[in-house]
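A short write-up of the structure that comes next.
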Amino acid sequence: MLRRVRSWWNFRQAVRDAARDAERDAACVDTAHPAAERDVLVLPCWRRPEFLWHCLDNLTRADEIGGVHVLFRPDSGYLPDNIDVIHSFADRLPSFQISLPPPCPFRRTKQSANLLLGYLAAAAAARQYVFLVEEDTMIARDFFRWHRAVQAAAGPLFCSIATRNPNRAVTAPDDPEGYYLSSGDFAANGVCFDKSVVQRLIAPHVNMAYFRRPKSYLRRHFPASAVGLGFVEQDGLLRRIQEQSDIPMAYPCTPRGFDAGFYGYNRPGGVPGTLPDRVQQLAATIYSPAAMRNAVDPRFVERCAPVDLLPRHWSVQRRIDVDIGAATP
């Protein structure tokens, strides 16, 4: 009983501290933080160190990685192998930190708490941009360069997302210089926020009321949302915040990464063997369209389809009007 009370108290204090820091920083007129040397990338991980290995192998090959600090956020119940994988890339990461968040006492929002508090911590430390790459997201070499270019070209954005849109049917040309604007279809795959968006729009909803009873909180604060109440985790919260803000998101016509997680969380399956064996098996699967079609649950085939991680030449980003279907509720 005492342990539960202490856990609840520590979590509440962490949420309050993060909200206080976000409110303080949001009051600053200049959204850039000249004293900070780097932007910050949040990277959650849990029980798939083999995916984390490939994620970091691609991340450390990306252009402009030298301007990024990586904030690792292992989820509750993470495998210790994740820590070994992180340290095996230490000489390829210019700057990183492993942050073990206080356990969330609420079952439904444990993963959401880790990610949302990670966003706030990143915004407090970032020079200007906060990125999110999950352990099963494989990014292209121009991932950071594309985000910075599209954020500058598109004007105020809720965020930019470098992978294909998993929540709409989109007809877009394969154009490395093209992006399109969208709304109501946020997905946590290869995301970039200006830190001011995290502090002004997201931070007010990172609170105990949401973590304790997310469905009630979302019903009360977003009564007109088109997002169904089956979606109450952090991505559902962020979709509602974006929907309410009327600030668009930018997606690339040519994706700069893909969701390789053909198993894990709510996706069945796995690969056997030691960690090196699993890393090798993934290498033969996740970069091959044919192998992925055979390995992926049919519900996730399109979402997990590999893309070319070696960028074609481009110099600018320009908006393209595309045909998009209705967002998945």
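The values are calculated or read from the model by the stated rules, or taken from the named source; none is laboratory data. Predicted model, so just to flag it, every value in this text is computed and none were measured. Quick reminder, even Gly has a Cβ in these numbers, built from the backbone with ideal geometry, and neighbours come from all protein chains shown.
Below is a table of values for the structure above.
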item	result
Some residue of segment 253-267 being exposed (fewer than 14 other Cβ atoms within 10 Å of the Cβ) and either within 22 Å of PRO173 (Cα to Cα) or at pLDDT below 95 (or both)	yes
Filtered residues of segment 190-202 (kept if assigned to a helix (DSSP H, G or I), under 27 Å from THR254 (Cα atoms) and of a type in the set (Val, Ile, Thr))	VAL197, VAL198
Qualifying residues in segment 86-129 (those that are exposed (fewer than 14 other Cβ atoms within 10 Å of the Cβ) and at pLDDT below 95) - the one nearest to PRO44 (Cα to Cα)	LEU100
Residue count for segment 279-304, restricted to those that are surrounded by 12 or more Cβ atoms within 10 Å (Cβ to Cβ) and closer than 30 Å to ASP84 by Cβ	17
From the options ASP246, ASP277, ASP308, residue that is out of contact with any Ser or Thr (no Cβ under 7 Å at 6 or more places or on another chain), of a type in the set (D, E, K, R) and modelled with pLDDT under 95	ASP246
Hey, SER245 closer than 30 Å to VAL150 by Cα and either polar (S, T, N, Q) or more than 16 Å from the chain's Cα centre (by Cα) (or both) or not	yes
Single residue of segment 122-149 satisfying the filter (in a loop (DSSP other than H, G, I, E, B) and touching a Leu at 6+ places or on another chain (Cβ under 8 Å)) that is nearest to ARG24 (Cα to Cα)	VAL133
Members of segment 203-250 found to be in a loop (DSSP other than H, G, I, E, B), crowded, with 21+ Cβ neighbours inside 10 Å and not hydrophobic (A, V, I, L, M, F, W, C), listed by number	none
Selection status of PRO276, crowded, with 16+ Cβ neighbours inside 10 Å and either closer than 27 Å to THR60 by Cα or among the small types (Gly, Ala, Ser) (or both)	no
